[in-house]
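Below is one structure, written out as structure tokens, with a few remarks after it.
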Amino acid sequence: MNESMTVLLEDVIGIARQAGELVLEVYRSDFEVRGKDDASPVTEADERAEALILQALAALTPQIPVISEEAAAAGKVPEVGRRFWLVDPLDGTREFIKRNGEFTVNIALIDNGEPVLGVVLAPALARLFAGARGCGAFIEQAGQRQPINCRAVTQEGLDVVASRSHGDAQALDKFLDGRQVRSLKSAGSSLKICLVACGEADLYPRLGRTMEWDIAAGHAVLVAAGGQIRTLGGDALSYGKPGLDNPHFYAHGL
């Protein structure tokens, strides 16, 4: 086990939990929803959580730059080298607004284009997923921490998870054509990737627009659990791309 990564992972879990507490404070209040330039919604929870995470990461690893969703929306994208943080302080803002609990705090470390550490916290569901290179992956809930791994696909078919708020039924049907599908369910935010990581699903196709910060933390957990995210052409998805947007992809287990 990589001791330095283990220590860093625990530090980042602590930061995510602090941000999650701020998010829940807003969630339980009569919060205001505003629109960003791209028409996507933003709340005080996004902004307060991001401010806390940026300050904490700057103190923890001052030498590693941070790309974060709300700062990027305001045009603040630092020059990055081989290593950088990707932060989505509140992934699933639409789920947050609907108050269905399926929103997450996401922090990921990228090294040479690959996600090597990730924490995904669903504060309203009291579920935390984490993983890092050389450390494996785990879920923490009800005060218990358990290792997680992707599962092997059985002959009974695939359990597929899809986006709750960004679905394209026709594209999904085309992608799944010819595959043996046992079940299809919806979920919000980066939880979909984590469901593949913990063996609750086999496949998550995303056939719509996403940004790197949306999926990096879940991707790191998935890789640590034995899975991968690939482009529709079959290449492993990488980070630090121009524009920071992702091609269509699918997350899969073993």
Residue, nearest to ARG34 (Cα to Cα), within segment 67-121, restricted to residues that are open to solvent by less than 30 Å² (accessible area, probe 1.4 Å) and free of Cβ contacts under 8 Å to residues at least 40 places away in the same chain: GLU70
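Condition check: over 23 Å from PHE96 (Cα atoms), surrounded by 18 or more Cβ atoms within 10 Å (Cβ to Cβ) and under 14 Å from the mean Cα position of the chain (by Cα). Does TYR239 satisfy that?
On the way: over 23 Å from PHE96 (Cα atoms): yes; surrounded by 18 or more Cβ atoms within 10 Å (Cβ to Cβ): yes; under 14 Å from the mean Cα position of the chain (by Cα): yes.
So TYR239 fits the description; yes.
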Condition broken by ALA251, with the remaining ones in (1) in a strand (DSSP E or B); (2) closer than 19 Å to ALA132 by Cβ; (3) open to solvent by 20 Å² or more (accessible area, probe 1.4 Å) satisfied: (3)
Hits in segment 8-27 - residues which are among the aliphatic types (A, V, I, L, M), more than 16 Å from TRP85 (Cα to Cα) and more than 17 Å from the chain's Cα centre (by Cα): LEU22, LEU24, VAL26
Filtered residues of segment 216-241 (kept if touching a residue at least 40 places away in the same chain (Cβ under 8 Å) and of a type in the set (Val, Ile, Thr)): VAL221, VAL223
Hits in segment 181-218 (condition: open to solvent by less than 20 Å² (accessible area, probe 1.4 Å) and out of contact with any Asp or Glu (no Cβ under 9 Å at 6 or more places or on another chain)): LYS192, ILE193, ALA197, GLY199, TYR204, PRO205
Those residues of segment 32-66 which are open to solvent by less than 20 Å² (accessible area, probe 1.4 Å) and under 22 Å from ILE13 (Cα atoms), in sequence order: ALA45, ASP46, ALA49, GLU50, ILE53, LEU57, THR61, ILE64
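For segment 149-158, does any single residue satisfy the condition of being among the charged types (D, E, K, R), open to solvent by 60 Å² or more (accessible area, probe 1.4 Å) and either within 19 Å of ALA122 (Cα to Cα) or assigned to a strand (DSSP E or B) (or both)? Lay out the reasoning, then the answer.
Our first condition is that a residue be among the charged types (D, E, K, R); within segment 149-158, this holds for 151, 156.
Adding the requirement that they be open to solvent by 60 Å² or more (accessible area, probe 1.4 Å) leaves 151, 156.
Filter once more, keeping what is either within 19 Å of ALA122 (Cα to Cα) or assigned to a strand (DSSP E or B) (or both): none.
Scanning segment 149-158, I find no residue that is among the charged types (D, E, K, R), open to solvent by 60 Å² or more (accessible area, probe 1.4 Å) and either within 19 Å of ALA122 (Cα to Cα) or assigned to a strand (DSSP E or B) (or both), so the answer is no.
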Among (1) within 18 Å of LEU109 (Cβ to Cβ); (2) more than 17 Å from the chain's Cα centre (by Cα); (3) at pLDDT 95 or above - the single one GLU3 does not satisfy: (3)
Residues of segment 9-43 that turn out to be modelled with pLDDT of 90 or more and touching a Lys or Arg at 6+ places or on another chain (Cβ under 9 Å), as a count: 6
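Per-residue answers, yes or no, for (1) among the hydroxyl-bearing types (Ser, Thr, Tyr); (2) at pLDDT below 95; (3) over 18 Å from VAL12 (Cβ atoms); (4) out of contact with any Pro (no Cβ under 8 Å at 6 or more places or on another chain):
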position: ARG94; (1), (2), (3), (4): no, yes, yes, no
position: VAL105; (1), (2), (3), (4): no, no, no, no
position: ASP111; (1), (2), (3), (4): no, no, no, yes
position: VAL116; (1), (2), (3), (4): no, no, no, yes
position: PRO123; (1), (2), (3), (4): no, no, no, yes
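The values are calculated or read from the model by the stated rules, or taken from the named source; none is laboratory data. These figures come from a predicted structure and were not determined experimentally. All Cβ positions, even for glycine, are placed from backbone atoms using ideal geometry, and neighbour counts span all protein chains on display. Surface accessibility is based on the protein's heavy atoms, side chains included, excluding ligands, DNA and RNA. Shrake-Rupley method; radii C 1.70, N 1.55, O 1.52, S 1.80 Å.
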